[in-house]
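The structure appears below as structure tokens.
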Amino acid sequence: MRKNALTRIVAVGCGLTVMAALAACGDNTGNSGAGSSSNASTSTISGSFQGAGSSAQESAVEAWIASYQKTNPDANIAYNPTGSGAGVATFLTGATAWAGSDAALSADEVKQSSSVCAAGTAFDIPVYISPIAIVFNLKGISGQGKHLNLDGPTIAKIFDGKITKWNDPAIASQNADVQLPDTAITVVHRSDKSGTTKNFLSYVKDVAGSDWSYEVGENWPNQVGQAAKGTDGVISNVSQADGTIGYADASKAGDLGTAAVKVGDDYVPYSAEAAAKVVDASPLDSTATQANRVVVKLDHTTTEAGAYPVVLVSYDIACPAYKDAKTAQFVKSWLTYVVSADGQQVAADAAGSAPLSDSMRQKVTASIDAIATK
């Protein structure tokens, strides 16, 4: 069944309209060169290349492709937002040049990548930093720019089905100026293997204590509420019914109400700036020891003023060496552009993400520079 699922994923990717010129998936031809960035060369990339994975990255990737192709017009690039888990699985078959994932590679996935890469094992680098919005649809209260205050334990109890009404005392006590209705709460969560789920659960686990008993993973751990596929599926389900609540990349929050999360003694609404504060204050994961990996260990319990700790750090996954030299040249060029100041600003404008800091850019650029192109 897993093999059939991967086959379907690859088939969908090959059918994307921007890939119409392909003779087959992964047929990478053309001249070597670098993408559009401050330190790029004057040569350009041509050929057809494919990535897949994180649906949270979708808006940013679409903007990156459009911008990259202005200086590389002969590069045909397709990205299939199948979700982080499916994207990594497809990459590990060798069917895509890179993967986008809202979760770092597991030790087993790193090991598996040795059969795909020409040398060494795959590495993951942060390319997209965004708050995860806790979105809700509540008649008379939700709407763009409108917030409800929620602390970590309350969020945990809602998503574990222990708080079932919007006027529950735990919610009401944090929103004294809001007339909350006696409306049932319907939780909406991801149905697919999702890095957004893993990031959200990591926050809940770290701040809720005994109010959350489940382990952190890319699959939703309980039977509470409704399941929806992908970021768009969660947003669609929340938008369609009164009383719903879910979690999604903030770029897709739209007109839904969102939670301001308790940090220290204050409640902080999401913003790119508030998300960036948490990332810059967090250490790197000391367990990700393989070459070129840059994995952030988020500090969800921060009390720093103005920080929003429900954060998604989304990675791009690539090989340090590829079996096809043209693919290696593209990936090195593409990632150089994506993490450049220009690329990060394009993502910020399109998706409201937080640009990488200069210190983080230096770390990830060193990993990209290590990709062999000969």
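The values are calculated or read from the model by the stated rules, or taken from the named source; none is laboratory data. What you see is a predicted model, and the numbers here were worked out from it, not measured in a lab. Don't worry about glycine lacking a Cβ; one is built from the backbone with ideal geometry, like all the others, and counts go over all protein chains shown.
A few remarks follow.
- All helices (runs of 4 or more DSSP H) inside segment 71-160 with 3 or more residues being at pLDDT 95 or above and in contact with a strand residue (DSSP E or B) (Cβ under 6 Å, 6 or more places away or on another chain): 84-91
- Members of segment 294-312 found to be in contact with an Asp or Glu (Cβ under 6 Å, 6 or more places away or on another chain), in a loop (DSSP other than H, G, I, E, B) and touching a residue at least 24 places away in the same chain (Cβ under 8 Å), listed by number: 295, 300, 301
- Hey, residue 121 of a type outside the set (Asp, Glu), assigned by TED's automatic domain parsing to the domain that holds residue 55 and more than 30 Å from residue 349 (Cβ to Cβ) or not: yes
- Once segment 203-213 is narrowed to residues that are crowded, with 21+ Cβ neighbours inside 10 Å and in contact (Cβ under 8 Å) with a residue 60 or more places away in the chain, the residue that is nearest to residue 128 (Cα to Cα) is 203.
- From 216, 296, 234, residue being hydrophobic (A, V, I, L, M, F, W, C) and crowded, with 22+ Cβ neighbours inside 10 Å: 234
- If you filter segment 319-347 down to residues that are modelled with pLDDT of 95 or more and of a type in the set (Gly, Ala, Ser), you find that the one that is nearest to residue 102 (Cα to Cα) is 347.
- Residue among 242, 255 that is of a type in the set (D, E, K, R), at pLDDT 95 or above, surrounded by fewer than 17 Cβ atoms within 10 Å (Cβ to Cβ) and not in a helix (DSSP H, G or I): 242
- One residue stands out in segment 319-344 among those that are among the small types (Gly, Ala, Ser) and outside any helix (DSSP H, G or I): the one that is surrounded by the most Cβ atoms within 10 Å (Cβ to Cβ), namely 340.
- Selected residue (only one of 273, 304 is surrounded by fewer than 17 Cβ atoms within 10 Å (Cβ to Cβ), of a type outside the set (Val, Ile, Thr) and farther than 19 Å from residue 147 by Cβ): 304
- Any chance residue 316 is modelled with pLDDT under 95 and either assigned to a loop (DSSP other than H, G, I, E, B) or surrounded by 15 or more Cβ atoms within 10 Å (Cβ to Cβ) (or both): no
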